[in-house]
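Accompanying notes for the structure given below.
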Amino acid sequence: MLPIAVFKLLEENDIKLLKILEKGMFHFEFVPIDYVVRKTRVEASLLSRNLSKLCRLGLVRRSFGAYEGYSLTRWGYDCLALSYLVSNNILEAIGKPLGIGKEADVYDAITPLGERVAVKFHRLGRTSFKKTRRVRTYVADRDKVSWLIQSKMAAKREFEALKLLYPKGVSVPKPKAWNRHVIVMSYIEGDPLYVCDFLPDPIGFLNDVLGNIQKSYRDVGVVHGDLSEYNIIVTPEIKPLIIDWPQFVSAIHPSAFSLLKRDVFNVLRFFERRFRVKVDFKSVFEYIIGE
Ligand SMILES: Nc1ncnc2c1ncn2[C@@H]1O[C@H](COP(=O)(O)OP(=O)(O)O)[C@@H](O)[C@H]1O
Ligand SMILES: [Mg+2]
C-alpha cells in the first residue's frame, strides 16, 4: 500500500534527507553515513536519529554491512514524488488503487481543483528481467541500472508518449504531470477490454482501435509496443482508449516494424477469439502503414 499516511508525518528535514539519499543512490547501493553528513553538515549522531525515524516508517533501509549506510526504499521514493506533486498543487489527495500490476500501481486521485485524475507509480525492477515480457529498448544497460533509474525512465517515457499522442487526437489519457517515477493523467472510466464479453458492435470497435494504431504510427510516428486487450480500455461510450505506453518506440526505430506487427497481431487475435471477428492480417497491416 502507498505510504499516504506516512507521507503526512514527514517534516521538511525528512524530505531533505530523503533527497540526499536519492542523489547518493546513483553512486552507492547503501549511501554511507559520511556522505550524508557531508551533504547535510549535520553531525552523525543527530542524523542517525532522523534516519532511524525514516527506517521505522519504512522509507529508508539500513545496511548492516561493513559500514553504516542507508538506502531509499520504494516507499521513500514514492514520498519524494508525492511531496513534489503536492507542493506544486498537482495533487490534493490519493484514493483507492485502480490497478496494481506487475510494473505499475495506479491510484485514483484528486487535484486541488477537485478534478479526478489517475496517478501511475512505475515499479520496474520488481521482477527479474527474464520474467518480464516487454522489450525494453529504453533501458541502455539493463543489468547495471537500478530499479530507481528504470522506474523513473519508464515514467519519463510514458509521459513523453502521451504528450506526443494526446494533442494529435490519439485516444489516450491526457497527460498532466510527471515527477520521478510517477505520472499524473486524466482519469478514465471504463473496463479493460479483456473483461468485456460483449460489445454491441465489435467490428466498429476494432476499426476504432486500428484507426488509433494507424494515427499513432503515421501521424505521430509512435508504436505502442505492448498492445493487447489488457492495455485497451472500453469507455462508457464504448470507445477504445489506449493506455500503458512506457515501452513505445519511434516509427524509425529498428524494431518499430516488428513491434507494430505484433501489436496488430495481438489485437486481431483477441477479436477473433473473443468476438469471432476474422479479418485478414496482411490487408489490415497495409492499411495501417499506408500502402
Ligand atoms: N488513466 C487511467 N484511468 C483509470 N484507470 C487507469 C488509468 N491508467 C491505468 N489505469 C488502470 O490501471 C491498470 C494498470 O495500468 P497500466 O498503465 O496498464 O499499467 P501496467 O500494466 O504496467 O501495470 C489498468 O489496467 C487500468 O485498470
Ligand atoms: Mg498494462
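Data for the structure
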item: Residues located in the stretch 234-256, provided they are over 30 Å from Arg180 (Cα atoms) and surrounded by 14 or more Cβ atoms within 10 Å (Cβ to Cβ); result: Ile238, Lys239
item: Spans of helices (runs of 4 or more DSSP H) in the stretch 1-68 with at least 3 residues under 32 Å from the mean Cα position of the chain (by Cα), surrounded by 12 or more Cβ atoms within 10 Å (Cβ to Cβ) and modelled with pLDDT under 90; result: 4-8
item: So Gly225, is it more than 16 Å from ligand 2 (Cβ to nearest atom) and of a type in the set (Gly, Ala, Ser); result: no
item: Residue, nearest to ligand 2 (Cβ to nearest atom), within the stretch 92-113, restricted to residues that are outside any strand (DSSP E or B) and within 17 Å of the chain's Cα centre (by Cα); result: Gly101
item: Residue within the stretch 235-245 that is under 23 Å from Asp108 (Cβ atoms), more than 14 Å from ligand 1 (Cβ to nearest atom) and in the same structural domain as Lys96 (by TED's automatic domain parsing) present; result: no
item: Some residue of the stretch 100-107 being away from ligand 1 (no atom under 13 Å from the Cβ) and among the hydrophobic types (A, V, I, L, M, F, W, C); result: no
item: Options Lys156, Lys174, Lys152, Lys163: the member that is away from ligand 2 (no atom under 14 Å from the Cβ), in contact with a His (Cβ under 8 Å, 6 or more places away or on another chain) and among the basic types (Lys, Arg); result: Lys152
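The values are calculated or read from the model by the stated rules, or taken from the named source; none is laboratory data. Every value quoted in this text rests on a predicted model; they were computed, and no experiment measured them. Heads up, the Cβs are rebuilt from the backbone with ideal geometry, glycines too, and the neighbour counts pull from every protein chain shown.
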